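In what follows, a structure is listed as structure tokens, so that the remarks can point back to it.
The values are calculated or read from the model by the stated rules, or taken from the named source; none is laboratory data. Remember, predicted model here, so these are calculated numbers, not experimental data. Cβ atoms come from the backbone with ideal geometry, glycine included; neighbour counts cover every protein chain shown. These accessible areas exclude ligands, DNA and RNA; they are computed on the full protein's heavy atoms, side chains included. Shrake-Rupley method; radii C 1.70, N 1.55, O 1.52, S 1.80 Å.
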Amino acid sequence: MKTVSLTIDGEKVTARQGEKVLWAALDNGIYIPNLCALRDASEIPAACRLCFVEVEGKEQPVTACTETVEPGMVVNTRGPSALRLARTAFELLMSSHPVDCAHCPANGSCELQKIAHHLGTKLKTRRFRKLLRELPVDSSSPVFIYDPNKCVLCGRCIWICRERLGIGVLGFAHRGFERVVTTFADEPIAESGCRDCGECVVVCPTGALTFKEQ
Amino acid sequence: MKATGFQSVASTFREIKSRAESQWRGLRDGGKSVIMVGAATCGRAAGALEVLQAIKRELKKQKLDCPVVEVGCMGHCYAEPIVTISKPGYPPICYRHVNPVIAERLVREFILGDDPCLEFVLAALEENDLVPSFSDFPRAKFEKKVILKNCGHIDPEQIEHYIANGGYSALAKALQMQPEEIIDEVKRSGLRGRGGAGFPTGQKWEICRNALGKPKYVICNGDEGDPGAFMDRAILESDPHSVLEGMLIAGYAIGARYGYIYVRAEYPLAVRRARIALRQARKLNLLGRNILGSDFSFDIKLFQGSGAFVCGEETALIASLEGEPGIPCYRPPYPATNGLYGKPTVINNVKTLVSISHIVQNGAEWFASVGTERSKGTAVFALAGKVINTGLAEVPMGTTLRQVIFDVGSGIPGGKRFKAVQIGGPSGGCLPESALDLPIDFDSLTDAGAMMGSGGMIVLDEDDCMVEISRYFLEFTQRESCGKCTFCRLGTKQMLEVLAEITKGKGKIEDLDMLSQLAEDIKAGSLCGLGKTAPNPVLSTLRYFRDEYEAHIKEGRCPALMCQELIAYYIVPEKCERSCDACVGTCTVEAISSHPKKRYKIIDQEKCVKCGTCVTSCPPQYNAIVKLSPPGQVPASK
Ligand SMILES: Cc1cc2nc3c(=O)[nH]c(=O)nc-3n(C[C@H](O)[C@H](O)[C@H](O)COP(=O)(O)O)c2cc1C
Ligand code: FES
């Protein structure tokens, strides 16, 4: 296997040739906020827009999940332009996320909390209007609860259900602000061929998919 | 790949061409009057089909046997329905705003009689001593028809008309060249893509030709989703073969076997004419196996898109062709190396492809001699909004905005003042009067904060509120956003909320900084071109018309008197005729009453729903009803 040496935040690291910067950083213990990236997915969604980094020689910040490592590449995950974009993307996500951590089962394990901490931003955005969607919660499954209002549309659940397990209960539907993770024809999850394995709950970064209390 | 048997290509085509020419000559020199009716979508909307029926009826009645030909759009959409009559002994004359009654008169008085009915004339096609011709129009000095050359002058449903007017000659010539020579010619011409971004076409083709993977594809992007744009539709409806020819040459140059035309299903006439064109081209072996006896084989399929704006974005368009939802994906890889079904694919705009035949036929130097240093050739615009001559205009790159709007477009109707021009649709921007002398090219427009886009040009006058205009465009992009990436899904939504508040007088001055910062982040951070350009209307109006935003926020005033919530209707007592009741009668909510003593009319502001009907009902000689902003301007009634 060919490897490539590069510098991330001043640290010399090596990565597999053809690897994306995001994985090179994470494998070397350098955190870059990310929600939609999936290591083994056939296509890179590049949808959450949180993983911006600066690369020496490039005018604009780039998304780490799409940028391939190059020999001698110098990456700065904390550059001001990259952080500005990541923060704005995060604040936008939070502007349509109900922030009620105290009553949320994901409290403490929520990746949004981790990202807010990393970026030094608040969970409650002051800059933007609050735009909540007020969608019905689906608790039809015997195993878990799906609250689409807390979903950040990262697509991890869809990927695990479809590409990993070959079940395909979940998918994206609707466009624009209405985009949502749902079942075919919006049927309750329990009536959509769900096998109750709960793998989607494990990969969900937020409190959108949570196990029912036993 | 190499086309063999050059000899046979040349002679096969010569035969086809001479047959087409004799058919065309037969039409022209048959000793009969030829009647052409502009029946593209613009003509039909104005009643061209009724005119067509009336002409046929009257010809029958008068026992006249004259060919009646449906042609496409000449670009003078403001004058539709247009009828062109070529009578032996007369120059071909175009008549404007023809209705069935005028049509019958033209048949009786001009074709049967000898009175050319000068009162209905738009212009003659050729210079003559009888009537003014198009070349006498002030716009003629600025226009240069290359892409639109045939539009409105040939029957789009007859391949022979196209061939007789020089069509498919470029293909025949190309098949006698090496593919690399063609790519080189296109590169040297300096042609840049007309789909919006202006990417060098020759370079795109070269990348695709050199890319590994087979089969390769050519896609014609005819999605045209910008509100107000209709150039690509007009071309597909008026001269579909010019698009096929460009695709064929592209296919030969890159080594493709198949092509797709992607048209929106809302363009039924374009779809129909493209279908007919494909059938006719196949019949003459201009499509299919061993085209014109060469060893180049190529076929084209038509695909009807569902008409989403984002489906015009190339990766979304390809996804949609593959049967997936039309959602853009991250590039690179670009379609030129990994396109349709993962194969190397050239995707070009309709106008880019039409330009190709002209480059092959007349040479790179000829094409490069038109235009500016970095933008070659002509630009096609759909002129719309507050401009007298709405329609299509084709001008050399480098023509100024002022020339297009005031010379080609004849300026603003109703003696109103020009305020801004919106170029490039939802991805473009609004440029003010101070930018009117800007030469039109890809780079100068981008520098000024607008964009060439695909060629929509909407003229705005003093009655248009710039905040409302940018809200309108943002609402469009927000509605058309696929929702995949955070910036576009939520960022444009945030911007829209703020703009809506400002138009209602509920904005705060801090909002303006928030808007422009967020707009910059959306531009830099979005996944695809839709998000990357969506903030342009807002950024450009903030740049040039910040005072209008401030008036809304600080004074609750809409300077253009357009934003409903910031205006009030007021009847000026001194102007009111008093005994006239026109406004009282038309008010649907009974908000208007007479002053108990002085009898002039008063609007009850509590009841008024600001529909504006009273303004139109007030007889023009009084013109007593005005709009005031902010609504507090209305004096208390005495
Ligand atoms: C949101 C969006 C909409 C687009 N719509 C169109 C369109 O309607 N027609 C078009 O030719 N190109 C459109 N494009 C540009 C295409 O992605 C692509 O660049 C173009 O078809 C390439 O052709 P060209 O090189 O001939 O310009 C659009 C791009 C974006 C981002
Ligand atoms: S992780 Fe890179 S865009 Fe989501």
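Points to keep in mind about this one:
- Note on exposure: B:L561, B:L518 ranked by accessible area (1.4 Å probe, complete protein assembly) read B:L561, B:L518, with the most exposed listed first.
- Solvent exposure of B:T390, expressed as accessible area, is near 40 Å², computed with a probe of 1.4 Å over the protein chains only.
- Accessible solvent surface per residue of the range A:3-142, calculated while the other protein chains remain in place, 1.4 angstrom probe, Å²: 48 Å²
- Under 14 Å, Cβ to Cβ, from B:G455 - net charge with Lys/Arg +1 and Asp/Glu -1: -2
- Placing pseudo-labels 7 Å out from each Cα toward the beta carbon at B:Q178 and A:D9 gives an inter-label distance of 5.4 nm.
- Accessible surface for B:K598 stands near 110 Å², nearest 10, in the context of the full protein assembly shown (1.4 Å probe).
- Counting only other chain Cβ atoms within 10 Å of each residue's Cβ, the peptide B:520-529 averages 5.
- Across peptide B:489-499, the mean count of Cβ atoms from other chains lying within 10 Å of each residue's own Cβ comes to 6.
- Antiparallel bridge percentage (DSSP; both residues within the range B:175-368; nearest 5): 10 percent
- Summing both sides, the accessible surface hidden between B and A at a 1.4 Å probe radius is close to 2700 Å².
- The apolar share of the surface of chain B, taken as the fraction of accessible area on carbon and sulfur atoms (1.4 Å probe, ligands and nucleic acids excluded), comes to 51 percent.
- Extension gain (nm, one decimal) between B:E126 and B:R257, 0.36 nm per residue minus Cα-Cα: 43.0 nm
- In a fully extended conformation the segment linking B:E520 and B:E433 would gain 28.9 nm over its present Cα-Cα distance, using 0.36 nm per residue.
- Within chain B, antiparallel bridges make up roughly 55 percent of the DSSP beta bridges whose residues both belong there.
- Nearest-10 value in Å² for the accessible area of B:W24, using the 1.4 Å probe: 40 Å²
- Overall dimensions of the range B:420-513 as given by Cα atoms, namely Rg and Dmax in Å: 14.3, 39
- Estimated FRET transfer efficiency when R0 is 22 angstrom, pair B:R417-B:R543 (beta carbons, to 0.05): 0.65
- The candidates B:R139, A:R129, B:R331, arranged from most to least accessible area with a 1.4 Å probe in the full protein assembly, appear as B:R331, A:R129, B:R139.
- Listed by chain and number, the lysines placed with their C-alpha closer than 18 angstrom to that of B:K63 are B:K32, B:K87; residues fewer than eight positions away on the same chain are left out.
- Label-point gap, in nm, between B:R188 and B:R14 - each point 7 angstrom along Cα→Cβ: 2.6 nm
- Histogrammed with a bin width of 20 Å, the alpha carbon distances of chain B distribute as 18, 45, 30, 7, 0 percent, first bin at zero.
- Test item: Cα-centred dipole of the range A:1-131, Lys/Arg +1 and Asp/Glu -1 on Cβ, debye: 620 debye
- Computed on the Cα atoms alone, the convex hull of the range B:336-482 gives a volume of 138 cubic angstrom per residue.
- Beta bridges from DSSP with both residues in the protein assembly as shown: antiparallel share about 65 percent, rounded to the nearest 5.
- B:W366-B:T586 FRET efficiency (beta carbon distance; Förster radius 51 Å; 0.05 resolution): 0.25
- Note on surface exposure: A:H174, B:H153 rank A:H174, B:H153 by accessible area, highest first, 1.4 Å probe.
- In this structure, the pairs whose alpha-carbon distance is over 26 Å, taken from B:K419/B:K554; B:K60/B:K283; B:K386/B:K508; B:K484/B:K554, are B:K60/B:K283; B:K386/B:K508; B:K484/B:K554.
- Using R0 = 30 Å, the C-beta based FRET efficiency linking B:Q23 and B:Q53 works out to 0.75.
- Stokes-Einstein D in µm²/s, Kirkwood radius over Cα pairs - the protein assembly as shown at 4 °C with 1.567 mPa s viscosity: 43 µm²/s
- Mean per-residue shielding of peptide A:40-47 is 4, counting Cβ atoms of other chains within 10 Å of each Cβ.
- Residues in the range B:65-91 that a label on B:S135 would reach, taking backbone N under 16 Å of a point 7 Å out along Cα→Cβ: B:91
- The mean accessible area for residues of the range B:232-349, using a 1.4 Å probe and ignoring ligands and nucleic acids, is 32 Å² per residue.
- Highest to lowest packing among A:80-86, B:408-414, scored as the average C-beta count within 10 Å: A:80-86, B:408-414
- Computed [θ] at 222 nm, helices only, for the protein assembly as shown once each DSSP H run of length n ≥ 4 contributes -39500 (n - 2.57): -9000 deg cm²/dmol
- The label point for B:K63 and the one for A:S81, both projected 7 Å from the Cα toward the Cβ, are 8.1 nm apart.
- Extension gain (nm, one decimal) between B:D299 and B:E577, 0.36 nm per residue minus Cα-Cα: 93.0 nm
- For GluC sites (Glu not before Pro), the sites in the range A:1-79 that DSSP calls loop and that have at most 15 other Cβ atoms within 10 Å are A:E43, A:E56, A:E59.
- Over 29 Å between alpha carbons, listed pairs B:K506/B:K627; A:K20/A:K130; B:K145/B:K204: A:K20/A:K130
- Cα gyration tensor shape for chain A, rounded if a/c is under 1.5, else prolate or oblate: prolate
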